[in-house]
């Protein structure tokens, strides 16, 4: 990794003082700013001035930092037909390579940001954004974004949560192989030659520490040893400290938990790596953030995605006629598939769940993560039909599918619905010919998107699917408009190509 990257902690103690001061309502705002002078010089001035009676922290920050433009300054809605609006929006959300300084990691090719407070590329968001870019005839931008992710894998060793230095210690749901698959469908087998090294390096990142597991060492970083010795994966973060982009929020959670702060921060960051930040899915009591236990869980969706990565590596090795690698990954895919069925499928409930490592049983939290085995085509027909019943009875709502069945005030819980999960539901169900339910979800989601756009001129990050007359809420920040993956999924589900 390039050690020349700017890390926000180099501004300590100014960084911590700003984050706990409340001068900015969003913790992410300051950490996205750009220092106007060297950190040593800024800290020297801060330490010499902060004791003065006339010192004002906000004035100091405004003097020595270039603060981000507000989302209102960056984004202007247009009262035009929705598809016209979305085609124009790609230009609004596109960023080009340039040296800006601060925490932003420069990328070599143009890319799409989600919008609002999210001023950088995000890993798993980008796959769903690409679905719409492809339909918009922007395969060039799809390819540029895949090249950017390959660049990040090469220089950092993995794809971080986003291209900010404060995201480097964690990743996000590993959709890179599916992005490569999008390119393969358009460009053919030369894609395998170009991206195999990056796919291998991404896999090595997720599987790091497998050789350290034993009957006495059950987990290391992102790998876990299951009761029968099979290796599966969990979410993780190497840095057990408050997230810079949510510094004061994390401190409050840790204090409320009466647990070791580092343990709580680790679980919080692991949940951020999951993309589901935050959800009752990760809570021991299914209600409260302070009971978060993310690293104790084996997530069904993560392991489906890593099975997909293993299958893609197997396809690459078949293409290259690497017989030893073919044999190895034939075994790996078979083992992971068997383990997902053994540890995540619950026959009594007729659905897929996360697995609790210490309790050695399913969590039984009904969430849309349980649809990933259908999305990846690894459920059998009987399981798929049972899962469809569970989705219809528990997660189908007025505007699409709910994220979970519980209302906790967290944004990845009811009553919210999210674009990626609508796509996963529709595609997963259609994989098994369950087209009636898939089409019902598709129509409800599209209608909600169109209704909200007609009323506001905006495409939202998330939606209230339980009551479509109410805006979505919950989480650490207000609902954002833009919005990359919502635009992509809307265009995909509105097309005839899904």
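A few remarks follow.
- For the chain, the gyration tensor built on C-alpha atoms gives a rounded shape. Its axis ratio a/c (a ≥ b ≥ c) stays under 1.5.
- Take 357-363, 442-448 and order them by the average number of nearby Cβ atoms within 10 Å per residue, most first; the result is 442-448, 357-363.
- At R0 = 22 Å, FRET efficiency that the Cβ-Cβ distance of residue 99 and residue 200 yields, to 0.05: 0.15
- The angle separating the long axis of helix 139-156 from the principal Cα axis of greatest extent in the chain is about 70 degrees.
- Full extension of the chain segment joining residue 45 with residue 451 gains 141.0 nm, where the gain is 0.36 nm per residue of separation less the Cα-Cα distance.
- Cut-off 18 Å (backbone N to label point 7 Å along Cα→Cβ of residue 405), residues of segment 285-319: 285-288, 300
- If the chain linking residue 443 and residue 106 were pulled fully straight, counting 0.36 nm for each residue of separation and taking away their Cα-Cα distance, it would gain 117.4 nm.
- Against the chain, whose longest principal axis is taken from its Cα atoms, helix 123-135 shows a tilt of about 70°.
- Cα shape, segment 225-291, gyration tensor, a/c 1.5 rule: prolate
- Label-point separation in nm, residue 349 to residue 84, each point 7 Å along Cα→Cβ: 4.8 nm
- Least to most buried among 381, 237 (fewest other Cβ within 10 Å first): 381, 237
- Highest-first packing order for the peptide set 161-169, 28-36 is 161-169, 28-36, based on the mean count of other beta carbon atoms within 10 Å.
- Cα-based shape type of segment 355-470, given that a ≥ b ≥ c are square roots of the gyration tensor eigenvalues and the cut on a/c is 1.5: oblate
- For a paramagnetic label modelled on residue 63 (point 7 Å from Cα along Cα→Cβ), amide N atoms under 18 Å away belong, within segment 7-29, to 13-15, 17-18, 23.
- Given their separation in residues at 0.36 nm each and the Cα-Cα distance between them, residue 331 and residue 319 gain 2.6 nm when the chain is fully extended.
- Label-to-label distance, residue 262 versus residue 181, with points set 7 angstrom from Cα along the beta-carbon direction: 3.9 nm.
- Ellipticity estimate at 222 nm from DSSP helix runs (n ≥ 4, -39,500 (n - 2.57)) divided over the chain, nearest 500: -15000 deg cm²/dmol
- The calculated FRET efficiency for the pair residue 9 and residue 215, based on their C-beta separation and a Förster distance of 41 Å, comes to about 0.60.
- Reducing segment 409-463 and segment 288-354 to their Cα centroids gives an inter-centroid distance of 26 Å.
- Label-reachable residues, segment 169-190, where backbone N falls under 18 Å from a point 7 Å from residue 140's Cα toward its Cβ: 183, 186-187
- Fraction of beta bridges assigned by DSSP in the chain that are antiparallel (%, nearest 5): 95 percent
Every read-out reported here was derived from the displayed coordinates using simple, explicitly stated rules and does not represent laboratory data. If you're wondering where the values come from, they're calculated on a predicted model, not measured in any experiment. Neighbour counts are summed over all protein chains in view; Cβ atoms, including those assigned to glycine, are modelled from backbone coordinates with ideal geometry.
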